[in-house]
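The values are calculated or read from the model by the stated rules, or taken from the named source; none is laboratory data. Not measured: the values here are computed from a predicted model. Every residue, glycine among them, receives a Cβ derived from its backbone with ideal geometry; neighbour counts consider all protein chains shown. The protein model used for the area step is the full one, side chains on, heavy atoms only, and it has no ligands, DNA or RNA in it. Shrake-Rupley method; radii C 1.70, N 1.55, O 1.52, S 1.80 Å.
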Amino acid sequence: MATTVIPANLTVNIVESYSLNGVDYGNSMSKTYIDNGQVSQRVMSIAGSTVGEDTNFFTTILSLDNIDAKGQVVRADYKYFRITNLDTVNTLNLRFFNNADYVAVKVLPASSFLLMDNGIDTPATETATLAITDIYEIVGQSSSATEAIDVEFVMVTGVTA
């Protein structure tokens, strides 16, 4: 298939700047991801939920699989993921599922969470780890039982052959 999409580089810059008692602290970091052919970006609403067996619901943010599809990216082409909790009051309860286990992250109000490389390795069980290459679904939930929150995410993937 001929395409008109020209792969491009993504550059992420993080700058920290802090001054305490006249002493400056901080650093800057830049990372470039090469040959990116796709980007998924969206602002969406995440529903609230109460914790309980029948009431603990999560909203699907993005799926990862072997093909591109509606709301889904190719897992093997993963390069970069950032999600920002746009709410100023409620926390985003974020989960990364591998169809058996999950990693949970709390994203505080007006804060972001980044996966800057393929490395969310963490003990999913006593004997296994959960890496982003194993992720099938990213889901979220508002910390409020009654108030939805808005989030914005960007997922950049490499060139699919």
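Things to note:
- Residues in segment 101-112 that are touching a residue at least 24 places away in the same chain (Cβ under 8 Å), more than 19 Å from Thr146 (Cα to Cα) and β-branched (Val, Ile, Thr): Val103 alone.
- Total residues in segment 18-40, condition closer than 26 Å to Leu64 by Cβ, open to solvent by 90 Å² or more (accessible area, probe 1.4 Å) and without any contact (Cβ under 8 Å) to a residue 24 or more places away in the chain: 0
- Any chance Asp150 is over 22 Å from Ile14 (Cβ atoms), at pLDDT 95 or above, open to solvent by 20 Å² or more (accessible area, probe 1.4 Å) and outside any loop (DSSP other than H, G, I, E, B): yes
- Residues that are closer than 28 Å to Asn9 by Cα, out of contact with any Phe, Trp or Tyr (no Cβ under 6 Å at 6 or more places or on another chain), at pLDDT below 85 and among the acidic types (Asp, Glu) do not occur anywhere in segment 71-92.
- Gly71, sole failed condition from (1) more than 14 Å from the chain's Cα centre (by Cα); (2) without any contact (Cβ under 8 Å) to a residue 60 or more places away in the chain: (1)
- Residues (surrounded by 15 or more Cβ atoms within 10 Å (Cβ to Cβ) and modelled with pLDDT of 90 or more) located in segment 41-57: Met44, Ile46, Ala47
- Residue selected from segment 109-127 under the condition modelled with pLDDT of 85 or more and over 14 Å from the mean Cα position of the chain (by Cα), by the criterion most open to solvent (accessible area, probe 1.4 Å): Ala110
- Within segment 83-100, residues that are on the phi > 0 side of the Ramachandran plot sit with their Cβ atoms under 7 Å from residues that are open to solvent by 30 Å² or more (accessible area, probe 1.4 Å), at 6+ positions apart or across chains, in these pairs: Asn99/Tyr136.
- Test: residue in segment 73-81 that is of a type outside the set (Phe, Trp, Tyr), open to solvent by 30 Å² or more (accessible area, probe 1.4 Å) and under 24 Å from Asp150 (Cα atoms): yes
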